[in-house]
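This report refers to the structure that appears directly beneath it.
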Amino acid sequence: MPNALTWLFLLAVATAAAMRLWLAARQIRHVRAHRAAVPGEFAASITLGAHQKAADYTVAKVKLGAWDTALEVAIVLAFTLAGGLQGLADLWARALEPGSLWHGSALLLSLFLLQAALSLPLAYYRVFVLEQRFGFNRMTLALFLSDLAKQAALALVLGVPLLLAVLWLMARMGEQWWLYVWIVLTAFGLVLQLIFPAYILPLFNKFTPVTEGELARRVAALLERCGFRSRGLYVMDGSKRSSHGNAFFAGFGATKRIVLFDTLVERLSPSEVEAVLAHELGHYKLHHVLKMLALNAAITFAGLWILGRLIDQAWFYAGLGVTTQSTATALALFMLALPEFTFFLHPLMARYSRRREFEADAYATRHAESGELVRALVKLYNDNAATLTPDPLHSAFYDSHPPAAIRISRLTS
Ligand SMILES: [Zn+2]
């Protein structure tokens with residue numbers, strides 16, 4: 001029974017998809033138009049060949065993204081208006097009582113499993129065709145499958161108890177259920193952050209502590225200067241999956257550790273790594289991680305409050321193609337439909353993130369050599385085949401990091 005929500009939802013889906021495809025087309029056009037020459041400020045440090053590889057890689061990724069858009073629209077509509085979710089609910093109702101904890105868990109688990117299975121071919125293509133073609137892939141099929149098995153096992157071990165807890169609270173806590181669910185989700189997120197570096201990351205990668213040599217000395221001196229304590233500096237074998245390089249901080253409080261990809265250490269000089277780490281330290285020292293956690297908690301709070309209003313409204317279910325009113329179908333519909341509406345918040349989130357990047361860069365220039373950071377960034381743009389000439393609108397909409405030219409001109413000014 002289509003109602004006003006149905007039309008609003010369809011409008012959101014169509015507008016979001018059209019917007020994504022339009023931005024993709026703009027990005028492709030812009031990158032291609034600038035393919036013939038390296039931008040002046042990079043002419044001395046990046047070859048034309050590397051610049052053109054970055055253009056081709058960017059175009060290939062955007063094209064794949066367009067397929068991803070189409071697939072997502074198909075999945076969202078198949079499960080909602082086309083009756084997929086209702087079909088699943090009916091299927092499970094043959095064995096389990098609708099509205100019960102078990103029916104709800106089975107319904108949501110099978111939904112997640114189907115979604116994951118449907119997006120698997122594109123994930124496979126991304127690694128073994130796209131990344132492979134541009135020489136970035138180091139993953140074998142065996143590793144791909146073992147990663148998949150580990151992720152599935154983790155999702156079950158961590159996700160099923162969480163799911164049961166959420167559904168139980170929704171059923172038992174009356175009007176205020178959403179507040180209890182919010183507390184549980186927030187606590188779960190915090191615990192996950194704490195156990196992530198020590199218990200989850202090692203399932204996928206090997207970490208080798210760095211205690212000697214110039215790099216260790218430089219990093220120790222940097223941490224000293226910044227008044228920062230961590231559980232050590234580690235190099236991670238990122239090269240077993242991809243040749244893209246990165247550096248990050250994992251965990252917080254007493255468990256935080258500094259992790260460098262082996263590919264980064266190989267390519268950058270110790271002083272360049274130091275400058276990159278100074279940037280990462282900036283994120284910590286300026287409380288970006290805590291702010292992000294707080295922002296996520298606030299968004300979850302708002303989302304759950306809204307779901308709390310919707311869950312008893314028959315029009316909410318009917319409008320999205322479902323007749324079985326239960327906590328589980330409400331959750332499923334909310335998770336399926338919400339991203340179509342929040343898509344339009346992307347530019348705000350991206351802008352927020354880019355501002356944090358500028359702040360971390362400014363921090364890095366105060367505690368390390370900005371020239372070294374610039375050199376490191378240019379090497380990373382080069383090695384990762386990141387485009388130097390993104391479409392300004394595409395970049396404003398999506399990019400968590402400022403465009404290369406703007407970022408570097410701020411660092412050198
Ligand atoms: Zn950053």
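The values are calculated or read from the model by the stated rules, or taken from the named source; none is laboratory data. Please read all numbers here as calculations on a predicted model, not as lab measurements. Glycine also receives a Cβ, built like all others from the backbone with ideal geometry; neighbour counts cover every protein chain displayed. To get the accessible areas, we keep the full protein, side chains included, count just its heavy atoms, and leave off ligands, DNA and RNA. Shrake-Rupley method; radii C 1.70, N 1.55, O 1.52, S 1.80 Å.
Go through Y317, Y284 for me and flag whichever is farther than 21 Å from H244 by Cα and modelled with pLDDT under 95.
Going through Y317, Y284 in turn, just one is farther than 21 Å from H244 by Cα and modelled with pLDDT under 95: Y284.
Considering only residues that are modelled with pLDDT under 95 and within 10 Å of A328 (Cα to Cα), which ones fall in region 77-101?
P98, G99, S100, L101, listed by residue number.
For F397, state whether it is closer than 16 Å to H288 by Cβ, of a type in the set (F, W, Y) and in contact (Cβ under 8 Å) with a residue 24 or more places away in the chain.
no
How many of the residues in region 14-32 are of a type in the set (A, V, I, L, M, F, W, C), out of contact with any Leu (no Cβ under 7 Å at 6 or more places or on another chain) and either within 20 Å of G83 (Cβ to Cβ) or in contact (Cβ under 8 Å) with a residue 60 or more places away in the chain (or both)?
5
Which residues, counting only those in region 364-376, are open to solvent by less than 20 Å² (accessible area, probe 1.4 Å) and more than 10 Å from the ligand (Cβ to nearest atom)?
Scanning region 364-376 gives A368, L373, A376.
Quick one: would you say W182 is open to solvent by less than 60 Å² (accessible area, probe 1.4 Å), among the aromatic types (F, W, Y), more than 30 Å from A275 (Cα to Cα) and in contact with a helix residue (DSSP H, G or I) (Cβ under 6 Å, 6 or more places away or on another chain)?
Answer is no for this residue.
Taking region 388-402, which residues are of a type in the set (G, A, S) and either away from the ligand (no atom under 16 Å from the Cβ) or open to solvent by less than 50 Å² (accessible area, probe 1.4 Å) (or both)?
Within region 388-402, S395, A396 qualify.
Evaluate the following for G159: is it in a helix (DSSP H, G or I) and small (G, A, S)?
yes
So which of L101, L85, L77, L109 ends up being in contact (Cβ under 8 Å) with a residue 24 or more places away in the chain, open to solvent by 20 Å² or more (accessible area, probe 1.4 Å) and either among the β-branched types (V, I, T) or within 13 Å of G321 (Cα to Cα) (or both)?
Going through L101, L85, L77, L109 in turn, the sole match is L77.
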